Amino acid sequence: MGREWPKVRLGDHVDSCLGKMLDKEKNRGELYPYLGNKNVRWGSFELDDLAEMRFEKNEHDRYGLRFGDLIVCEGGEPGRCAIWKDHIPGMKIQKALHRIRPLQGLNNYYLHYWFTEAYRTGILAPYFTGTTIQHLTGRAISQLEIPLPPLAIQKRIASVLSSLDAKIDLNHQMNTTLETMAQALFKSWFVDFDPVIDNALAAGNPIPEPLHARAEARKALGDQRKPLPAAIQHQFPDRFVLTEEMGWVPEGWEVSTVGEQVEIMGGGTPSTKNPIFWDDGVHAFCTPKDMSRLDSIVVTHTERYLTDAGVQKITSGQLPAGVVLMSSRAPIGYLAISNIPVSVNQGIIAMLPNDSYGAMYLLSWAHFNMRQITDRANGSTFMEISKKNFRPIPFLVPNSGVLNAFNQQAKAVYSKVLSVSENIEEVTKLRDILLPKLLSGELRIPEGEQ
């Protein structure tokens, strides 16, 4: 990269430091949230599960983050990085992360994109230490050689790439909103039973004690309670019955098991030492690792691909597009819908949609029943839910009219999610094509056109 621009030693152009080591016995001071390796993704942060560590006043400058700091993983996936934008005030970093603050003449966004491309092309790899677990030490970072174009060019490069990343982020937010809408609808109809409660209240039928609070909340909404279209509302019953398996459920809705209502499939992994199963493979092969990297519920590609012989080696073969996937271990609970025919490994349980239960229904069902699923897991090295333990989980069977109404609405939402996901892929490909060309100087951006 950057053959036409001078190469400089990164250590001469940044202020960097490694985060603080967590030691509950020795750490002193006040508790502050901190970022660990798991919180940093390529270009973004996961901030839903932050831990806290004690920091003393004289450590705030050293380990605290400022707007624009580049945060780089020291281990795990060394070099993975994102730019901090003051998402949470007072944030600190743990020892697993480097805080890199560019000095004058080096743009932080340009540096971020250089790390991204350097990792992807293997430029960073020679600087890693360790064999089993690799690290990118502070010393190695200081020794990295980067091309340093004039600052104005750095900013133009960063501006073009950042605009594409902003579009990708916006689309991710749209998908998150759509997914939340579908889950909210499922929860209202099949977890909280709102339409049944409304019908029971209108008919003057008794509300079971466990649902009193929900009923009061519905009544409190008054005119703000948005009614369903009459044709859908009439599909719901107006009273509840007590069942041994699931407590109070809408009258007329049966209690079954997921194994009786849905075809459940597992997977396997052909020998990775036999190239006949892998070399030049074209069939998607999904693992929990693929699912952990998803930014939406849609699987559009996988890290590895199988040959025809590889697919034949897996009992479940190739599953159809639209199949719902759930990681059954390491960890349990990643959920996705595959938009492509896919084979799965032994760490995934697949649920095949049918005429009664669409993909969004099954995905939402698994989401809202995750506690039951994990409660049936076992294992010594890591927890795992087997197909044998998964199939008997109780499964409520609404009437067909209700299911049809849900599936129609959920299918429309999923179509939008899919469309947005395809747009994300297109913009991502464009960014990845431009990235090396811009960093190498092969493609120049005229001044004023970024």
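The values are calculated or read from the model by the stated rules, or taken from the named source; none is laboratory data. Here the structure is a predicted model, which is why all the values come from computation and not from measurement. A quick note on method: Cβ atoms are made from the backbone with ideal geometry, for glycine too, and the neighbour counts reach across all protein chains shown. Side chains are part of the model used for accessible areas, which takes the heavy atoms of the whole protein and leaves out ligands, DNA and RNA. Shrake-Rupley method; radii C 1.70, N 1.55, O 1.52, S 1.80 Å.
For Arg139, indicate whether it is assigned to a helix (DSSP H, G or I), in contact with an Asp or Glu (Cβ under 9 Å, 6 or more places away or on another chain) and open to solvent by 30 Å² or more (accessible area, probe 1.4 Å). No: the conditions fail for Arg139.
Going by what's in this entry, would Leu65 be described as under 16 Å from Ile83 (Cβ atoms) and touching a Phe, Trp or Tyr at 6+ places or on another chain (Cβ under 6 Å)?
On the way: under 16 Å from Ile83 (Cβ atoms): yes; touching a Phe, Trp or Tyr at 6+ places or on another chain (Cβ under 6 Å): yes.
Taking the combined requirement at face value, the residue satisfies it.
Residue check: is Ile133 assigned to a strand (DSSP E or B) and either out of contact with any strand residue (DSSP E or B) (no Cβ under 6 Å at 6 or more places or on another chain) or closer than 13 Å to Leu10 by Cα (or both)? Give the steps one after another, and end with the answer.
On the way: assigned to a strand (DSSP E or B): no; either out of contact with any strand residue (DSSP E or B) (no Cβ under 6 Å at 6 or more places or on another chain) or closer than 13 Å to Leu10 by Cα (or both): yes.
For Ile133, the condition - assigned to a strand (DSSP E or B) and either out of contact with any strand residue (DSSP E or B) (no Cβ under 6 Å at 6 or more places or on another chain) or closer than 13 Å to Leu10 by Cα (or both) - is not met.
In segment 124-134, what residues are within 22 Å of Asn39 (Cβ to Cβ) and either surrounded by 16 or more Cβ atoms within 10 Å (Cβ to Cβ) or touching a Leu at 6+ places or on another chain (Cβ under 7 Å) (or both)?
Here is the first cut: in segment 124-134, the residues within 22 Å of Asn39 (Cβ to Cβ) are 124, 128, 130, 133-134.
Leu124, Phe128, Gln134, listed by residue number.
For segment 343-352, filtering for residues that are in contact with a helix residue (DSSP H, G or I) (Cβ under 9 Å, 6 or more places away or on another chain), of a type outside the set (Gly, Ala, Ser) and assigned to a strand (DSSP E or B) leaves 4. How about segment 13-38: which of its residues are free of Cβ contacts under 8 Å to residues at least 24 places away in the same chain and under 30 Å from Leu151 (Cα atoms)? The answer is none; no residue qualifies. Residues in segment 319-333 that are surrounded by fewer than 20 Cβ atoms within 10 Å (Cβ to Cβ) and either at pLDDT 95 or above or among the polar types (S, T, N, Q) (or both): Pro320, Ala321, Gly322, Gly333.
For segment 8-30, what are the residues that are in a strand (DSSP E or B), open to solvent by 40 Å² or more (accessible area, probe 1.4 Å) and at pLDDT 95 or above? Let's see the steps before the verdict.
Taking segment 8-30 and keeping what is in a strand (DSSP E or B), we get 8-9, 14-18, 20, 30.
Checking the rest, the ones that are also open to solvent by 40 Å² or more (accessible area, probe 1.4 Å) come to 9, 15-16, 18, 30.
Correct list: Arg9, Asp15, Ser16, Leu18.
The residues of segment 179-226 that are assigned to a helix (DSSP H, G or I), open to solvent by 30 Å² or more (accessible area, probe 1.4 Å), farther than 30 Å from Leu335 by Cβ and small (Gly, Ala, Ser), listed by number, are Ala202, Ala203, Ala220, Gly222.
Just one of the listed residues (Arg156, Arg214) is of a type in the set (Lys, Arg) and touching an Asp or Glu at 6+ places or on another chain (Cβ under 6 Å), and it is Arg214. Candidates in segment 39-96 are the residues that are outside any strand (DSSP E or B), open to solvent by less than 40 Å² (accessible area, probe 1.4 Å) and of a type in the set (A, V, I, L, M, F, W, C); of these, the one that is farthest from Glu117 (Cα to Cα) is Met91.
Using the structure shown, decide if Val191 is closer than 30 Å to Ala321 by Cα, hydrophobic (A, V, I, L, M, F, W, C) and under 33 Å from the mean Cα position of the chain (by Cα). Before the answer, list the steps.
Working: closer than 30 Å to Ala321 by Cα: yes; hydrophobic (A, V, I, L, M, F, W, C): yes; under 33 Å from the mean Cα position of the chain (by Cα): yes.
Taking the combined requirement at face value, the residue satisfies it.
Scanning segment 97-123 for residues that are open to solvent by less than 10 Å² (accessible area, probe 1.4 Å), under 19 Å from Gly64 (Cα atoms) and among the aliphatic types (A, V, I, L, M) gives Leu97, Ile100. For segment 263-292, filtered to residues that are part of a helix (DSSP H, G or I) and surrounded by fewer than 19 Cβ atoms within 10 Å (Cβ to Cβ), the residue that is nearest to the chain's Cα centre (by Cα) is Ser292.
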